[in-house]
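Read the structure below first, then the notes.
The values are calculated or read from the model by the stated rules, or taken from the named source; none is laboratory data. Treat the numbers as computed from the prediction; the structure is a model and nothing was measured. A quick note on method: Cβ atoms are made from the backbone with ideal geometry, for glycine too, and the neighbour counts reach across all protein chains shown. Surface areas here come from the heavy atoms of the whole protein model, side chains and all, with no ligands, DNA or RNA. Shrake-Rupley method; radii C 1.70, N 1.55, O 1.52, S 1.80 Å.
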Amino acid sequence: MAKTNPGRFFEDYTLGQVIEHAVPRTVGAGERALYHALYPARHALYSSDEFARASGLPQSPLDDLAAFHVVFGKTVPDVSLNAVANLGYGEGRWLKPVYAGDTLRSSSEVIGLKQNSNGKTGVVYVRTRGMNQRDEVVMEYVRWVMVRKRDVDAPAPEAVVPDLAKVIDPADLVIPEGLDFTGYDFDQAGETHRWGDYDVGETIDHVDGVTLEEAEHMLATRLWQNTAKVHFDATFRPDGQRLIYGGHIISLARALSFNGLANAQMIVGLNGGAHANPAFSGLTVKAWSEVLDKAETSAPGVGAIRLRLVATKGGAPFELKGEDGKYLPDVLLDLDYWALMPM
Amino acid sequence: MAKTNPGRFFEDYTLGQVIEHAVPRTVGAGERALYHALYPARHALYSSDEFARASGLPQSPLDDLAAFHVVFGKTVPDVSLNAVANLGYGEGRWLKPVYAGDTLRSSSEVIGLKQNSNGKTGVVYVRTRGMNQRDEVVMEYVRWVMVRKRDVDAPAPEAVVPDLAKVIDPADLVIPEGLDFTGYDFDQAGETHRWGDYDVGETIDHVDGVTLEEAEHMLATRLWQNTAKVHFDATFRPDGQRLIYGGHIISLARALSFNGLANAQMIVGLNGGAHANPAFSGLTVKAWSEVLDKAETSAPGVGAIRLRLVATKGGAPFELKGEDGKYLPDVLLDLDYWALMPM
Amino acid sequence: MAKTNPGRFFEDYTLGQVIEHAVPRTVGAGERALYHALYPARHALYSSDEFARASGLPQSPLDDLAAFHVVFGKTVPDVSLNAVANLGYGEGRWLKPVYAGDTLRSSSEVIGLKQNSNGKTGVVYVRTRGMNQRDEVVMEYVRWVMVRKRDVDAPAPEAVVPDLAKVIDPADLVIPEGLDFTGYDFDQAGETHRWGDYDVGETIDHVDGVTLEEAEHMLATRLWQNTAKVHFDATFRPDGQRLIYGGHIISLARALSFNGLANAQMIVGLNGGAHANPAFSGLTVKAWSEVLDKAETSAPGVGAIRLRLVATKGGAPFELKGEDGKYLPDVLLDLDYWALMPM
């Protein structure tokens, strides 16, 4: 019997099944520096231990998206090795900051299954949780992917589609223990705009652009131990191109959004997300944001802001979908998240 | 009002103005490893904690040029976002080693202003200081850049050009506390040549070459949180090329200079520097040095050596300027610095 | 006299000579993260401090091959700067794990010399040892290289060819102190196959492929302070290509072998190795393994497995040599090593 992992096919998933993903990972000073080398990340809470301490945390946490990538990367061999498409994200929450020396692992519960009408593929919904070495859940999110069937004649499971919240209720957002923005240093953070300065409906063009490189997206994707073949092997696709991991675009767009959203410090909720079009080396990525909502929190000086973050191939900002309701060809990413901002 | 940073224009600077630059940065083991991955750096004091301890320091400091890049990077959004050209450096001194866990920030004082005769641009002189979390100045330097005016009709300020020292007096160099080269291990450092073996006027061809890659200069430039668009966005220049951050060339040339100057361990003074020609991916960088001066210091076994470090596109070593007094087209960098060497 | 290192030529080596290689190196969290970014490394013992502790070690060691690269890199200026070819490795043993904060240096003893019949080159055999800051030998191996003569008229030394073991006797393998696989977590390690599940003669196609990039092999090779010109300077070879450091291919193939050999956790012996063909950017590397032998060890729950690891340009797996006994053109690496696996 082959000793290599063939991945799971649609009929290998059952409702309620819990999959413990392999290869725990200890993160630290190296991952932190690499994150800053790979993305133009400048949010002060993650750049400066002193700024984090002045905000009530013991030190700078690992970037929230880096924590997401590590947790996500572990799921790939079990969830998306035979995936045809990554369809969406939802109900994501960051529950505990991750610090240098923490060891992350992750597990996923199958919460939905629906065979497609073509009989060849199906949609699998999993709720993934990342845990640290103290068995504390550091983050959780739902993801749904389209997966091939091994045997097209295998019977379809009873269709169960989970009822997912379109938006996380701000009352359910978890604010890191001790977080306090009452002494926030706007000069050191880089911008003077506080929570009250943003209006729902406001849009921000983040102006800067970054051209994608093969070596960079591969370094990043490997760092998170994401092993999907299409990201690394130029012979895998007929066109000889390597598909860039969607998370690379998320991190790039988020880092670009510093310019205009320098004070949207911590990501605490992921309401939804779609990779609208594939990204390849050579493209120049730009980003824009829209303020979707705002909410108060119980933490001192801390407000929540709901943002749409859109990454594009450099097209006109603020254009998202065509008249047909489909994403425009220039759009790479449409992400809906909650961040914490000084009030 | 736009929330993104449009950068400052010439008329936004006033003499004596002090600008606190944003986004403090904690450095550590990750930055150290990346510096060794990005540049062929081999100076033993920065490679080995044991070697640093045997030299009287508590551990290896962050490479002096990495400290410079971090301090410099913070100034970019405030000083050079609308710069037409980076004209020069001077009066640079390293005042305290930077160790893992230190958090750096920087501020600049406007010490000179001179509108150009075309009325469209002007030269801004700033003295920049980098501070650690204990508010100790770890380095300082003067930089002058040519900056666009927002409004060509804005009145010209009174012209003030600072009187900068051409060379830092060796008596003003700051030797790190405790530095002692009396027990220096030349075998482990890699070369036997000591301070007394170098003659003023001597030139050294550093022989090795490194071909520039887009992914590498972008990783480096992001690591220092330098956000200038031209380094990252291939669509920004009409020729579709990304201009390489001048500091990348400085670090590359300094690392190449190990071969012949392995014992020029610490950089303590920057007398001057010019980026003679722009650098782009695909070029192969070589370097040569000239001994400009030598001086004794008060530290045990420690001499100072003044060096000209020239980076080229691979042209003949030891050629710098043409008959017209201009840099030859093959010259990328002309740097004048003081280093510390065992006597 | 030139101050740069011209490298040693064949007549510069004498039997019994011991060369202390320069530039000690402290390793840590940065090297660990970079190793994971550069290679698709997933062996749990090196990924998770918790997994390492559960296996009886104080924390994750530096990857065994990273330790090898650091020790090897230091020998390049003294051993292979004028080498025509890297002919082989043998009698390699890992003797002590390397942990964050350790400082490595290396020395080589000349154990064999044989001038080639053409009179222009000769083969030098060295036994290299890597030591930590406590003067403990962390690894040793023999390497032989073909080196140019400076003066073809220099007399040939008496030919001495060391009698090297073809395979390290399993009784001579050194198991890290405290290593205990009796509580091994196969789920977290990623595969269920234990030592008893592998048969001598069994072959495994590791399936995945990685396309080589210039920026990546240069980052890796610099990280280990390997300074051989051919890896960095595109103008050095007539064809304008940079030859990729053989160790880059070793690490890549070993990381790919996770898929099928996830439990071959630690490398403790290097029986032999050959770089069958040169590797260049743009190639897609695949790997396959063959189980050559198995042995018990004295450590609880720990078995030894001898593996052939072959890296290819993507050719058919399990094909190695042609009818003429020469490596097939698609083969990049043929490595023979001992690893430790849970029983």
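Among the trypsin sites (Lys or Arg not before Pro) within the range A:124-177, which fall in a DSSP loop and have no more than 13 other Cβ atoms within 10 Å of their own Cβ?
A:134, A:166
Could you go through the range A:171-177 in sequence order and give the Karplus-derived ³J(HN,Hα) for each residue, using 6.51 cos²θ - 1.76 cosθ + 1.60 with θ = phi - 60°, rounded to whole Hz, and x for Gly and Pro?
Each residue of the range A:171-177 in turn: 5, 8, 5, 9, 8, x, 4 Hz.
Please give the solvent-accessible surface of residue B:180 in Å², to the nearest 10, using a probe radius of 1.4 Å with every protein chain present.
Rounded to the nearest 10, the figure is 50 Å².
Quick one: ranking C:57, C:95 by accessible area, 1.4 Å probe, largest first, what do you get?
Descending accessible area places them as C:95, C:57.
Over all distinct Cα pairs, what is the inverse of the mean 1/r for the protein assembly as shown, reported as the Kirkwood hydrodynamic radius in Å?
When all Cα pairs of the protein assembly as shown are included, the Kirkwood radius is 29.9 Å.
Would you mind working out the accessible area per residue for the range C:52-168, using a 1.4 Å probe, and quoting it in Å²? All intermediate terms of the calculation are to be shown ahead of the outcome.
On the way: 4420 Å² over 117 residues.
Averaged over the residues of the range C:52-168, the accessible area is 38 Å².
Take the alpha-carbon positions of the range C:218-343, form their convex hull, and give its projected area averaged over all directions (one quarter of the hull surface) in nm².
9.1 nm²
When Cβ neighbours within 10 Å are restricted to other protein chains, what is their mean count per residue of peptide A:206-214?
Details: counts 2, 5, 8, 6, 8, 9, 2, 10, 7.
Mean partner-chain Cβ count within 10 Å for A:206-214: 6.
Show me, for the range B:281-288, the HN-Hα J-couplings you get by feeding each phi into the Karplus relation (A = 6.51, B = -1.76, C = 1.60, θ = phi - 60°), rounded to Hz, glycine and proline as x.
3J(HN,Hα) across the range B:281-288, in whole Hz: 4, x, 5, 9, 8, 10, 8, 9.
Enter the buried accessible area of the B/C pair, total of both sides, probe 1.4 Å, in Å² rounded to the nearest 100.
Chains B and C together bury approximately 2900 Å².
What is the angle, in °, between the Cα long axis of helix C:64-79 and the longest principal axis of the Cα atoms in chain C? Nearest 10 is fine, range 0 to 90.
10 degrees
Output the relative contact order of chain C, whole-number percent, from Cα pairs under 8 angstrom with separation of 6+ residues.
Here the relative contact order equals 19 percent.
Based on the Cβ-Cβ distance of residue B:323 and residue B:160, what FRET efficiency does E = 1/(1 + (r/R0)^6) give at R0 = 41 Å, to the nearest 0.05?
Efficiency at R0 = 41 Å is approximately 0.75.
Enumerate the amide H contacts of residue C:272 below 5 Å, restricted to partners 5 or more residues apart or on another chain; note that Pro and chain-start residues carry no placed amide H.
Close amide H contacts, sequence-distant or interchain: C:336.
Suppose a student asked you for the relative contact order of the range C:1-102, using Cα pairs under 8 Å spaced at least 6 residues apart; what percent would you report? Provide the component values of the computation, followed by the final result.
Details: 80 pairs, mean separation 39.1, N = 102.
It comes to 38 percent, rounded to a whole number.
In whole Å, what are the extents of the range C:1-76 along the principal axes defined by its C-alpha atoms, from largest to smallest?
Ordered largest first, the range C:1-76 gives principal extents of 54, 27, 20 Å.
Taking amide hydrogens as modeled 1.01 Å from N in the peptide plane, which residues meet the under 5 Å criterion relative to residue C:81, leaving out close sequence neighbours?
For residue C:81, the qualifying residues are C:8.
What residue among A:193, A:322, C:112 has its Cα farthest toward the positive end of the dipole of the protein assembly as shown, where the charges are +1 on Lys, Arg and -1 on Asp, Glu, each on the Cβ?
Ranked along the dipole, the leading option is A:322.
From the phi of every residue in the range B:204-217, what ³J(HN,Hα) in whole Hz does the Karplus formula 6.51 cos²θ - 1.76 cosθ + 1.60 yield, where θ is phi - 60° and glycine or proline is x?
9, 8, 7, 6, 6, x, 10, 7, 7, 10, 4, 4, 6, 5
Taking a 1.4 Å probe, which of A:163, A:151, A:187 shows the most accessible area, and what order do the others take after it?
Largest accessible area first, the residues go A:163, A:187, A:151.
So, R0 is 41 Å and r is the distance between the beta-carbons of residue C:136 and residue A:316; what FRET efficiency does that work out to, to 0.05?
0.05
Can you send over the carbon and sulfur percentage of the accessible area for the range A:1-126, probe radius 1.4 Å, protein chains only?
The computed percentage sits at 52.
Please state the charge dipole magnitude for the protein assembly as shown, taken about the Cα centre, from unit charges on C-beta atoms (+1 on K and R, -1 on D and E), reported in debye and rounded to the nearest 20.
That gives a dipole near 1040 debye.
Once Rh is set to the Kirkwood radius over Cα pairs, what Stokes-Einstein translational diffusion coefficient, in µm²/s, holds for the range C:138-232 at a temperature of 20 °C and a viscosity of 1.002 mPa s?
107 µm²/s
What do you get for Rg/Rh of chain B when both radii come from the Cα atoms and Rh is the Kirkwood radius?
Taking Rg over the Kirkwood Rh, I get 0.96.
Please check: in the Gaussian network model of chain A (C-alpha springs, under 10 Å), which one of A:96, A:321, A:313 has the largest mean-square fluctuation.
Fluctuation is largest for A:321.
Using only Cα atoms, locate the centre of the range C:215-292 and the centre of the range A:51-82, then give the distance between them in Å, rounded to an integer.
So the two Cα centres are separated by 30 Å.
Which value, in Å² and to the nearest 10, is the accessible area of residue A:69 when all protein chains are kept and the probe is 1.4 Å?
0 Å²
Take residue B:95 and residue C:230, extend 7 Å from each Cα along the Cα→Cβ direction, and tell me the distance between the two endpoints in nm.
5.0 nm
What FRET efficiency would be calculated for the residue pair residue C:87, residue C:241, taking the C-beta separation as r and a Förster radius of 22 Å, to the nearest 0.05?
0.55
Return the average number of partner chain Cβ atoms within 10 angstrom of each residue Cβ along peptide B:36-45.
6
Could you put A:175, C:250 in order of accessible surface area, largest first, with the 1.4 Å probe and the full protein assembly present? Please report the intermediate quantities before stating the final value.
Numbers: A:175 40, C:250 5 Å².
Putting A:175, C:250 in descending order of accessible area: A:175, C:250.
Taking every pair of alpha-carbon atoms in the range B:63-159, give the share separated by more than 22 Å as a whole percent.
Counting pairs separated by more than 22 Å, the tail of P(r) holds 33 percent.
Which residues belonging to the range A:5-28 lose at least 50 Å² of 1.4 Å-probe accessible area when the assembly is complete, relative to their chain isolated?
A:23, A:24, A:26
How big is the charge dipole of the range B:95-169 about its Cα centre, in debye rounded to the nearest 20, if each Lys and Arg gets +1 on its Cβ and each Asp and Glu gets -1 on its Cβ?
About 280 debye.
In terms of the ratio Rg/(2.2 N^0.38 Å) built on C-alpha atoms, what value belongs to the range B:177-226?
Compared with the compact-globule rule of thumb, the range B:177-226 sits at 1.80.
Of all accessible surface on the range C:193-343 at a 1.4 Å probe, what whole percent is carbon and sulfur?
Values: 2220 of 4560 Å².
That share works out to 49 percent.
Calculate the all-directions average of the projected area of the range C:285-340's alpha-carbon convex hull, and give it in nm².
For the Cα atoms of the range C:285-340, the hull's average projected area reads 4.3 nm².
For the Cα atoms of chain C, what angle does the longest principal axis make with the long axis of helix C:246-256, in degrees from 0 to 90, nearest 10?
Here the helix axis deviates by roughly 10 degrees.
Taking H placed 1.01 Å from N in the peptide plane, check which residues at least 5 places from residue B:100 or on another chain put their amide H under 5 Å from its amide H.
B:62
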